[in-house]
Amino acid sequence: IHTSVTLDQVAPDLQNATIAIEDKNFRSNPGIDILRIIQAAIDDLRQGYVVEGGSTITQQLIKNLVVGNEASITRKLEEIVLTPELNSRYSKSDILQMYLNSIYYGEQAYGINAAASMYFGLEDKSGKPASSQLDLAQSAMLAGLPSSPDAQDPFQHPQAAFARYQLVLKALVDQQYIKKVQALD
């Protein structure tokens, strides 16, 4: 299932949750976040395996739509070369909209509107697509899925999905999108 919506048809909580968990410096970075890449590399080295990615939302969009998902240095270099071009041609809102409409959320749902329907049974209504009807809890659950949609599928792996959901809520609190009391509701 794949549907597309405009950014103003996506619940603000979902937009904020996605930015908080995927790329907290999205609005200010030039498409590449060097400090984040370095921190991710250090964290990965400390753990001895990949625990964190360093890609921005812009880089992920390029990976998903242009260069593919092959784990290679060539792909990563292509991603890095194309990122400034995408950033110069499109606004941050445009990039976020394209990202939210193209990423895979699991359960055969591509894009946030399809995910809102698939996971929560929300239906498009006149002038009000499913993606605009998401509440904070639903937004936090969906924002946590793209990093690993199969492993964090709430139907198949509810404990893993709940753990990721809690990380998203913590990120929203830490980055002051919501107050701690909202995360507890």
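Each label point was placed 7 Å from the Cα along the Cα-to-Cβ direction; for ALA151 and ASP135 their separation is 3.0 nm. As a calculated quantity, the FRET efficiency between ARG89 and ASN25 at R0 = 22 Å, using C-beta atoms, amounts to about 0.65.
Are there any trypsin sites (Lys or Arg not before Pro) in region 126-185 that are in a DSSP loop and have at most 12 other Cβ atoms within 10 Å? List them by number.
On the way: sites: ARG164, LYS170, LYS179, LYS180; in loops: LYS179.
Those satisfying the criteria are LYS179.
The local environment of LEU142, defined by Cβ-Cβ distances under 13 Å, has a net charge of -4 under the rule Lys, Arg +1 and Asp, Glu -1. For region 137-181, with all protein chains in place and a probe radius of 1.4 Å, 55% of the accessible heavy-atom surface sits on carbon or sulfur.
Please give me, ordered by residue number, the GluC sites (Glu not before Pro) of region 65-152 that lie in loop per DSSP and have at most 13 other Cβ atoms within 10 Å. List each step's numbers first, then the result.
On the way: sites: GLU70, GLU78, GLU79, GLU85, GLU107, GLU123; in loops: GLU70, GLU107, GLU123.
Taking region 65-152 and a limit of 13 other Cβ atoms within 10 Å, the loop GluC sites (Glu not before Pro) found are GLU70, GLU123.
Under 26 Å of direct C-alpha separation, and excluding same-chain neighbours fewer than eight residues apart, LYS180 reaches these lysines: LYS24, LYS170.
Quick one: net charge around ASN25, please, counting Lys, Arg +1 and Asp, Glu -1 for every other residue with C-beta under 9 Å from its C-beta.
Numbers: positive: LYS24, ARG27, ARG36; negative: ASP23, ASP33.
In short, +1.
Hey, what's the Kirkwood Rh for the chain if you take every pair of different alpha carbons, in angstrom? Display every interim value, and only then the final one.
On the way: mean 1/r = 0.0593 Å⁻¹.
Every distinct Cα pair counted, the radius reaches 16.9 Å.
The values are calculated or read from the model by the stated rules, or taken from the named source; none is laboratory data. Given the structure is predicted, the values throughout are model-derived calculations rather than measurements. Note: ideal-geometry Cβ built from the backbone for every residue, glycine included; neighbour counts use all protein chains shown. Areas reflect the complete protein model, heavy atoms only, side chains present, ligands, DNA and RNA absent. Shrake-Rupley method; radii C 1.70, N 1.55, O 1.52, S 1.80 Å.
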